[in-house]
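Input: a single structure, listed below in structure tokens.
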Amino acid sequence: MRIALIGYGKMGRAIEEVALQRGHEIVIKIDQPNLHEFTKENFAIAEAAIEFTSPHSALENVKKCLDFGIPVVCGSTGWTDRLEEMKKICADKNGSFIYSSNYSVGVNIFFEINKKLAALMAPHKEYEVILEETHHTQKKDAPSGTAITLAEQILEQVKRKKQWVNELSDHPEDLEIISQRVDPAPGTHSVKYSSAIDTIEIIHTAHNRKGFASGAVLAAEFAKDNKGFFTMKEVLNL
């Protein structure tokens with residue numbers, strides 16, 4: 001498959017390595033110095049695009065790919081207040097668009113465990129729940145997109161919590177997310193239910209970027225052959 005990379009930082013390089021190992025070809029790489037090359041003509045030979053940039057540029061990058069008729073996988077977080085708008089554009093263009101807050105196979109299994117645990121814990125009001133996430137200092141958004149996904153899954157089940165907050169809170173209706181930025185830290189997420197009697201905790205720790213990169217390439221392979229909006233749940237058939 002011929003892949004276009006939008007964003008050629010550490011994640012872009014990791015994606016390139018995995019894609020080449022899987023027998024794919026990188027036909028164009030877009031980053032700050034060559035933004036002028038992000039044109040329909042240059043993307044015409046690409047069969048899919050993988051976008052990992054920043055919250056400020058992701059929306060426009062995805063729009064351009066859909067305008068070009070190129071299936072696009074987006075891994076940029078921090079912009080999902082506009083996600084419904086992008087889904088509509090994808091439908092209007094009869095395009096292919098995949099978004100996930102995290103492309104790691106392990107994290108997406110972790111999401112399913114989180115949903116099940118939240119459902120089991122919901123009736124037990126003696127347990128207080130808190131989320132923690134740790135990433136490297138170059139990560140621009142806080143809380144992480146993964147932490148937000150975990151929090152929203154909990155809010156769907158644990159009705160005594162009304163909203164998440166990115167700080168410690170004295171309000172019992174707040175679901176606290178504690179964010180830390182330290183180096184080196186590819187990403188750790190934990191969900192902890194604590195009572196006076198005991199604590200239940202689930203943790204996912206990334207050892208490097210390869211898991212995210214592998215999932216993004218799997219998503220691109222899926223996007224190439226499927227029309228519509230999808231998440232990693234569909235890609236992995238979870």
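Here, each number is a calculation from the coordinates, and none is a lab measurement. Owing to the predicted nature of the structure, the values given are computational and were not obtained by experimental measurement. Cβ atoms come from the backbone with ideal geometry, glycine included; neighbour counts cover every protein chain shown.
Odds and ends about this structure:
- Folded to 0 to 90 degrees: helix 210-224 orientation relative to the chain principal axis, Cα: 60
- Antiparallel DSSP beta bridges within the chain, as percent of all bridges there, nearest 5: 35
- Remark: the stretch 105-205 carries a charge dipole of roughly 260 debye about the Cα centre, counting +1 on each Lys and Arg Cβ and -1 on each Asp and Glu Cβ.
- Inter-site label distance for Arg82 and Asp141 at 7 Å from Cα along Cβ, in nm: 1.1
- Label point distance in nm, Glu173-Asn42, each placed 7 Å from Cα along Cα→Cβ: 5.0
- Taking Cα atoms only, the orientation of helix 105-121 departs from the longest principal axis of the chain by about 30 degrees.
- Geometric extent, Cα atoms of the stretch 1-143 - Rg, Dmax (angstrom): 17.6, 60
- Relative to the current alpha-carbon distance between Leu155 and Asn226, full extension at 0.36 nm per residue lengthens the span by 22.5 nm.
- Straight-distance candidates among the lysines for linking to Lys63, with alpha-carbon spacing under 22 Å and chain neighbours fewer than 8 residues away dropped: Lys29, Lys40, Lys87, Lys88, Lys93, Lys140, Lys224, Lys227.
- In the chain, the calculated helix contribution to ellipticity at 222 nm averages -11000 deg cm²/dmol per residue, counting -39,500 (n - 2.57) for every DSSP H run with n ≥ 4.
- Projected label distance in nm at Ala91 and Ala119, using a 7 Å step from Cα toward the beta-carbon: 2.6
- Selection from Met86, Ala151, Gly228, by position along the positive dipole direction of the chain (Cβ): Gly228
- Rounded to the nearest 20 debye, dipole of the chain from Cβ charges on Lys, Arg, Asp, Glu: 460
- Exposure rule at most 15 other beta-carbon atoms within 10 Å, DSSP loop trypsin sites (Lys or Arg not before Pro): the chain longest free segment: 23-124
- Rounded to the nearest 5, the antiparallel percentage of DSSP beta bridges internal to the stretch 130-216 is 55%.
- Equivalent ellipsoid, the stretch 105-205 (semi-axes from 5 times Cα gyration tensor eigenvalues, Å): 22, 15, 12
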